[in-house]
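A.B. asks: My questions all concern the structure below.
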Amino acid sequence: MTIKLPELPYMKDALSPHISANTLEFHHGKHHRTYIDNTNKLIAGTDLANETLEMIIKKTAGDAAKAGIFNNAAQVWNHSFYWQCMKPKGGGKPTGAIADKIKDAWGSFEKFAEEFKNAGVTQFGSGWAWLVLENNSLKIMKTANADTPLAHGLKPLLTVDVWEHAYYLDYQNRRPDYLTAFIENLINWQFVNTNLR
Ligand code: MN
């Protein structure tokens, strides 16, 4: 089974000015595509060639000899998930079941937003900030490089990419400003609610 690059769920200029078409052109068209091409090359002819992407990630997690496959496959999954976590005119306060769960866990959306942003700001080097379900409880976490909650038995609900390639063309070194824009203008809460089910 060949892994294919998914289409973006919106036009390349649809997230502008928060994320430019130029960033999406490189991020989706070059970075994501490279992870896909590398994964396909690395699994070709191996016993992983017929597995789903999720199974490839689970079967290679923690195996130093298969770190190259894990890193590329996890980055494929993380990016496909990240694109869906955003939409034009998104962000701000959530609605639906996730709104109640966030209020139960953090007391207010503002407190959640502060801690989610902080997870992204404090991820040293490349990685991801996440909202996940762990035993039916909401939890904010961060992962380094390609690491993904899927490899730790957690259910991802929302992610933001904090690799420099995600924001450098638009924000240069201002990762906190990118995270603020993501929270206030881009989060697709409908998608997050769908992941809760
Ligand atoms: Mn990325």
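The values are calculated or read from the model by the stated rules, or taken from the named source; none is laboratory data. All values reported here derive from a predicted model rather than from experimental measurement. Every residue, glycine among them, receives a Cβ derived from its backbone with ideal geometry; neighbour counts consider all protein chains shown. Just the protein is used for accessible areas: all its heavy atoms, side chains included, with ligands, DNA and RNA removed. Shrake-Rupley method; radii C 1.70, N 1.55, O 1.52, S 1.80 Å.
A.B. asks: Check every DSSP H run in the chain and write down those whose alpha carbon atoms cover 18 angstrom or more along the long axis and whose mean Kyte-Doolittle hydropathy is -0.5 or greater.
C.D. replies: 67-84, 109-122
A.B. asks: Next question, about the same structure. Using only alpha carbon positions, build the gyration tensor of region 120-197, then give the equivalent ellipsoid semi-axes as the square roots of 5 times its eigenvalues, largest first, whole angstrom.
C.D. replies: 22, 15, 9
A.B. asks: Given 25 °C and 0.890 mPa s, how large is the Stokes-Einstein diffusion coefficient of region 1-81 in µm²/s, with Rh as the Kirkwood radius over Cα pairs?
C.D. replies: 183
A.B. asks: With springs only between Cα atoms under 10 Å, which of 60, 95, 148 fluctuates most in a Gaussian network model of the chain?
C.D. replies: Residue with maximal mean-square fluctuation among 60, 95, 148: 95.
A.B. asks: Any chance you could tell me what percent of the C-alpha pair distances in region 41-197 go past 22 Å?
C.D. replies: 41
A.B. asks: Taking a 21 Å limit on the Cα-Cα distance, which of the listed pairs 59/117; 4/41; 4/142; 117/155 fall beyond it?
C.D. replies: Check vs 21 Å cut-off fails for 59/117; 4/142.
A.B. asks: Separate question: Between residue 133 and residue 44, what is the label-point separation in nm under the 7 Å Cα-to-beta-carbon projection?
C.D. replies: 3.8
A.B. asks: Hey, with R₀ at 35 Å, roughly what FRET efficiency would residue 111 and residue 22 work out to, going by the Cβ-Cβ distance, to 0.05?
C.D. replies: Result of the calculation: an efficiency of 0.55.
A.B. asks: How much of residue 114 can a 1.4 Å solvent probe reach, expressed as accessible area in Å² and rounded to 10?
C.D. replies: For residue 114, solvent-accessible area is about 110 Å².
A.B. asks: Between region 4-24 and region 149-197, what's the alpha-carbon centroid distance in Å?
C.D. replies: 14
A.B. asks: Give me the dipole magnitude in Debye, nearest 20, for the chain about the Cα centre, with unit charges on the beta carbon: positive for Lys and Arg, negative for Asp and Glu.
C.D. replies: The dipole of the chain has a size of about 180 debye.
A.B. asks: Send over a whole-number figure in Å² for the accessible area per residue of the chain, probe 1.4 Å.
C.D. replies: 49
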